[in-house]
Every structure is written in C-alpha cells, then in structure tokens.
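In what follows, a structure is listed as structure tokens, so that the remarks can point back to it.
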Amino acid sequence: MTDETPTDHEPEAKLRSRGVYLLPNLLTTGTLFSGFYAIVAAIDGNFGRAGIAVFVAMIFDGLDGRVARWTRTQSEFGKQYDSLSDMVAFGVAPAIVVYQWGIAGVYEYGRLWGRLHSGSPQSRGVVPAECPSRGHPHP
C-alpha cells in the first residue's frame, strides 16, 4: 500500500508546474505573433521586416519545443497550439509575403500583354484567305 499523504514539496511542484506550462506557450505565442506581423508588414510593403519576422518566428518555434521537453511540460494543447502557429508563421505568412512582393505586380505585365496582343491580327479576327475555316466563327 502506498502512502498518499502530501509531502512538503508537492505544493511547490504543483505551483511550479503551472507557471512552467506558460513558458513554452509564450514562445509559441511569439511564433504566432511574428507570423501575424510578417503578414501585416508584407501588406504594408515592408518586405524586409516581413522576412525578419518569419526568421524570428523560426527561432521562437525552435525554442518552444525544446523548452517544453526540457521542463517536461508537453501537453496536447501545446501540440495543437504549436501546429496552429506553425501554419500561420510558415504557411500563410510566407505565401502572403511572396504574393505581395512578386505576384501582385504581375497585373501590370498582364495589362501590357493585353495591349500588345490586342494589336495582333488574330485578336482582331483577321484571317488569311487560305484559312480553311474562313467564314466560320473562331472559337
């Protein structure tokens, strides 16, 4: 039979464990906020700051798992929260940074291409006389 009477160190351990559970989750929150900042900075056109924010998120993400294992405070909530912050910081944020930095300006090239292509004979419906589909509508 085991003795279930609390020892002098048990309340300290319980109090300590509640406070220690916060540390990995604070680092995960740092990852999440860095990802959000990268999104906001990219939308504002500050691509250098957005890249730095993704890098800072990488550092926070590397630390949160190590701290959780080191303090033995892994939890199911922590795992799910880490997955959510990873999705934001390393999935959504880089996608928005790349879109704002490179792809959003492509519409200017699209307009230019439309102007160049609208002057071509194919776009005006001019068909050579030897075309077998002469007289039929073009698709």
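Miscellaneous remarks
- Checked against the criterion of being surrounded by fewer than 18 Cβ atoms within 10 Å (Cβ to Cβ), on the phi > 0 side of the Ramachandran plot and either not β-branched (Val, Ile, Thr) or not in a helix (DSSP H, G or I) (or both), the range 67-81 has at least one qualifying residue.
- Enumeration of residues in the range 67-98 that are closer than 19 Å to Val40 by Cβ and touching a residue at least 12 places away in the same chain (Cβ under 8 Å): Leu84, Ser85, Asp86, Val88, Ala89, Phe90, Val92, Ala93, Pro94, Ile96, Val97
- Flag for Ile39 being modelled with pLDDT of 95 or more and among the β-branched types (Val, Ile, Thr): yes
Each row is one residue, and each column tells you yes or no for (1) modelled with pLDDT under 80; (2) hydrophobic (A, V, I, L, M, F, W, C).
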residue: Arg69; (1), (2): no, no
residue: Thr73; (1), (2): no, no
residue: Tyr81; (1), (2): no, no
residue: Phe90; (1), (2): no, yes
residue: Val97; (1), (2): no, yes
residue: Gly102; (1), (2): no, no
residue: Arg115; (1), (2): yes, no
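- Of the listed requirements (1) touching a Gly at 6+ places or on another chain (Cβ under 9 Å); (2) modelled with pLDDT of 95 or more, Ser34 misses just one: (1).
The values are calculated or read from the model by the stated rules, or taken from the named source; none is laboratory data. Here the structure is a predicted model, which is why all the values come from computation and not from measurement. Virtual Cβ from ideal backbone geometry, glycine too; neighbours counted across all protein chains shown.
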